[in-house]
1. Translational diffusion coefficient, Stokes-Einstein: compute it for the stretch C:109-186 using the Kirkwood radius over C-alpha pairs as Rh, at 25 °C and 0.890 mPa s, and state it as an integer in µm² s⁻¹.
2. Would you please calculate the Kirkwood hydrodynamic radius of the stretch A:64-103 over all C-alpha pairs and express it in Å, rounded to one decimal?
3. What are the ³J(HN,Hα) couplings of the stretch D:66-71, residue after residue, when phi is run through the Karplus curve with 6.51, -1.76, 1.60 and θ = phi - 60°? Round to Hz, x for glycine and proline.
4. Where the convex hull is taken over the Cα atoms of the stretch C:27-80, what is its projected area averaged over directions, in nm²?
5. Would you mind giving the average projected area, over all directions, of the Cα convex hull of the stretch C:30-124 in nm² with one decimal?
6. How large is log10 I(q)/I(0) at q = 0.14 Å⁻¹ when the Debye formula is applied to the Cα atoms of the stretch B:27-99, each weighted equally and without solvent?
7. Tabulate in residue order the Karplus-calculated ³J(HN,Hα) for the stretch C:201-214, using 6.51 cos²θ - 1.76 cosθ + 1.60 with θ = phi - 60°, rounded to whole Hz; enter x for Gly and Pro.
8. Straight-line reach from C:Lys88: which aspartates and glutamates have Cα under 16 Å away, leaving out those fewer than 8 places along the same chain?
Amino acid sequence: MASTIRVRATSSGETTEVQALIQHPMDSGYVKDAKGEIIPPHFIQAVNFEYDGKSIFVADWGPAVSKDPYVKFSFKGGKKGDDLKITWVDNKGATDTITAKIL
Amino acid sequence: MRGNMRISTLSLALTLLIAGATSSLTAGSEADFKAAYAAAEAANKEAAALRNQWTTTAAALAAAKKAADSGDFDQAVASSKEAEALAKASIFQATSEKEAWKALEIR
Amino acid sequence: MRSAIRFASIGFALAALALGSAPTAHAADTPDPPADAKAFKDYFTKKFPKVKLEDFVNGPYSMNEDMHRQWEEKEQFPPYDFSLDMGKEMFSKPFKNGKGYADCFPNKGIGIRQNYPYFDEKEGKVVTLELALNRCREANGEPPFSYVKDEMAALTAYMAFTSRGKPFDIKIPNDPRALDAYQNGKRYFYTRRGQLNFSCATCHVQSGGERIRAEVLAPALGILNAMPIYRSEWGGMGTISRRFTTCNSQIRGVPLNPQDDEYRDLEYYLSYVSNGLPISGPGARP
Amino acid sequence: MNITHNGFTATRRLILQGAVTVALVGLGNIRFGLAPAFAAANDKYPEDAFKQKSGDDAIKSLYGKTAEPSDKVKLDAPEIAENGAVVPISVSSTLADVTSISILVAENPNALAASYKIPQGTMPSVANRLKMAKTSNVIAIVEAGGKLYSATKEVKVTVGGCGG
């Protein structure tokens, strides 16, 4: 199955801009479904971005992050063709990871 | 209880209002409910034929049935009358719009 | 007490009907689609002189600067990305009998969305893209998809994507039944329905660009060009069928079944009057 | 905020009632399990901060100090959110050695929405999409050189569309 993480990392020489879109329901636990029952909380808690073995960015998320969450940041360094590792874990312990190439 | 369609719109609206208000005061029995419910359903079917039902008509019919099932026939009759009024209004809307839509058309 | 209020609102609705429905005299004009299309475009370009013709396809985002910024922010990595990829994958996966969607459509289904819906002279009715996709599936022994669920949205998203930028090119053949279908769609568009007594035109013609609570209403011109759409409101994709049925229930009218004749004709009319505007689907909407 | 899938049966009233009842009941049983392998990679997920109701408590729990407003913190958020479910918000700062950025939505059931750790060499700016229960102040917190700076902006949110 295709990964749940879509990444676009583009290097402009000295800095690299990273955009990630992750497929996840991000249920907050405050919404009812059609039958009126509460949909239990199910959301990504942490996303870790690693480059060259070092953690370059960590996102700690609560239930208020939108469905199919998106995040954008940039960091100094990063050359075309290098690897960027992204891992997320949610409050049920589910996890997914991807290694993307910097464009 | 057959509605008379040829009287003008405003008086139709007024009669419905008065009919609705007075009838809900009288004590309703199961027979009254059945008659009122049947009339409402018939009107709603006619609206369906005109492809123009309202969701609130269905809601009122459901409320009527629920009230009847719990034995509250006063409420059941009132909801049935309400459903019939809504169905009749949706029928009126469909018939009057047959020509009225042209007024809005971009020319 | 509650039913008394209900009665008051019915009485009021009826009275409003009476006032609103004084039919002004109209010559029994035979439908003239090219003139309609021109009048349609003139109405909106005059009402919104600052909006370029092709920008009407961005609906509410062309109506309001604050909304436009939010849209550009979303378009950097749009939420419909997943559906688009799923649609591309599904489109290329062959059916059990080895055939595929490409065999059902001209040009293998690529870059043709702008020609749909079209009037099928054999059947004598309008055929929409969603209907053609399901007919293709059934012709190849596959179960049809729901018209309002994600699979249909994913397929139409991919087909729309392959037509991005191509202008709508809806044809009305010289066939009285086609003219009837067009006129039937136009009538549906302008007819008031539901207890709120709105027609599509009440919101998307008379108050296009204005707010209804937090949402800015899209003008009717180019309103189908971005379909299918990922709506934040639904937290998911929506086909044209889903949009038509939810609009009906929002104004308390009982929706018809997806792909009923009225909806097919409505899509035919709405697409025809937006001829020339570019396809921008799949789109993101509030 | 988020409308259930089949259109407009869950009106705003329902959601708010849902929010109130569940807020009282729900907090007790939210399990914050975290895969152990991942936890070691960085300091702990600020579980407690995300449970706090008010912004101040969340900030205190997260950083242990209070923030002062600063015009060096730029908070970019819409005037009127097109939809409470997807509100694009971005924060950037010209302050030197920024180590963390957090974003709070005061009126949400739990104020803290997201918190980002910015190691050395990563630029002090982040963009994301958040959910907002209703019109509220959005507060951006930037930790730089051990001190906290903040910026606040009100974002209007209402349930869109025609309603039930």
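Coordinate-derived values only; no laboratory data. All of these numbers come straight from a predicted model, not from anything done at the bench. Note that we place each Cβ from the backbone using ideal geometry, even for glycine, and neighbour counts take in every protein chain shown.
1. Working: Rh = 13.6 Å.
The calculation lands on 180 µm²/s.
2. Working: mean 1/r = 0.0808 Å⁻¹.
Hydrodynamic radius (Kirkwood, Cα only) of the stretch A:64-103 equals 12.4 Å.
3. 9, 9, 10, x, 8, 7
4. On the way: hull surface 22.6 nm².
Reported value for the Cα convex hull: 5.6 nm².
5. On the way: hull surface 40.5 nm².
Hull-based average projected area comes out at 10.1 nm².
6. So the normalised log intensities work out to -0.39.
7. Those phi angles translate into 5, 3, 8, 8, 10, 5, 10, x, x, 9, 9, 10, 6, 7 Hz.
8. Within the straight-line cut-off, C:Lys88 pairs with C:Asp103, C:Glu130, C:Asp150, C:Glu151.
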